[in-house]
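The values are calculated or read from the model by the stated rules, or taken from the named source; none is laboratory data. This is a predicted model, so every value here is computed, not measured. When we count neighbours, we look across all protein chains shown, and the Cβ atoms used for this are built from the backbone with ideal geometry, even at glycine.
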Amino acid sequence: MGRIALDSFNNVTMTPTGVTSPSDLQYIPADGSIPSPNGKPVWSLAQAAANLNRTGAIWNVGPNGQITYTFLDKDPSGLYNSPKYKDVIGDYTAGFTPFTEEQRDAARNSLALWDDLIAPHFVEKNGRGAADISFMNTNTGPAQASAFTPFYRGGHGKEAKIQGDVYVNQDQPDNMDLFYGGYGQTALTHEIGHAIGLSHSFQHSGIRSLEFT
Ligand SMILES: [Zn+2]
């Protein structure tokens, strides 16, 4: 089964209320020695990691240890318009445009951050859909950006072509803030997290069961 991470971010406030500098942020030790201010349970690192991985969505990384990615230069409707994919992806490719050179560099920077954290290496491929993760701009309705996660336990299904693909809405100006810490760069890093299988740290009471927001 494919899983969709659909991010709207429309109501996200980047700075917690009352926090005016990083030193005001509270860091809660994972050993539970300090109760959380809101009374919620404090998870260990292992519990937190298991939560982020709770859907079991992973790439079946081969012995070469690679996850491949590409920047689509053409509307992938040849891949996506197959009737067997259509019910899943809807109009995800509406308004397709290729990533700009600046977006490609930003995505490479975000991938490098993840590459430092995980065992597999990201390798760029040229070509149309010939990679695990394909980046593209589309007009994805209200969403700023979205991504499909890989399959449960690295399996394959009928949506194999679209798993791991990342969509950015080029009509949202914030998405072009591509400096480190900028909205667009942060959104790319976030979506790549979904593209390698991570969920949000909370379970959204979503409208559709396959979506995270
Ligand atoms: Zn997300």
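Worth pointing out:
- In region 187-196, the residue that is surrounded by the fewest Cβ atoms within 10 Å (Cβ to Cβ) out of those that are over 21 Å from N60 (Cβ atoms) and within 11 Å of the ligand (Cβ to nearest atom) is T189.
- Matching residues, region 24-60, being buried (at least 16 other Cβ atoms within 10 Å of the Cβ) and among the aliphatic types (A, V, I, L, M): A57, I58
- Pair list, Cβ < 6 Å and 6+ apart or interchain, from region 160-176 residues that are under 17 Å from L111 (Cβ atoms) to residues that are outside any loop (DSSP other than H, G, I, E, B) and of a type in the set (D, E, K, R): V166/E191
- Test result for F96, of a type outside the set (G, A, S), in contact with a helix residue (DSSP H, G or I) (Cβ under 6 Å, 6 or more places away or on another chain) and modelled with pLDDT of 80 or more: no
- Extreme residue, surrounded by the most Cβ atoms within 10 Å (Cβ to Cβ), among residues of region 155-180 that are among the polar types (S, T, N, Q) and in a loop (DSSP other than H, G, I, E, B): Q163
- Pairs where the first residue, in region 47-71, is closer than 16 Å to H156 by Cα and the second is surrounded by 12 or more Cβ atoms within 10 Å (Cβ to Cβ) and of a type in the set (S, T, Y), C-beta under 7 Å, 6+ apart: T55/T149; T55/Y152; T55/S199; G56/Y152; A57/T149; A57/Y152
- Candidates A130, A119 - the one that is closer than 23 Å to D75 by Cα and assigned to a loop (DSSP other than H, G, I, E, B): A130
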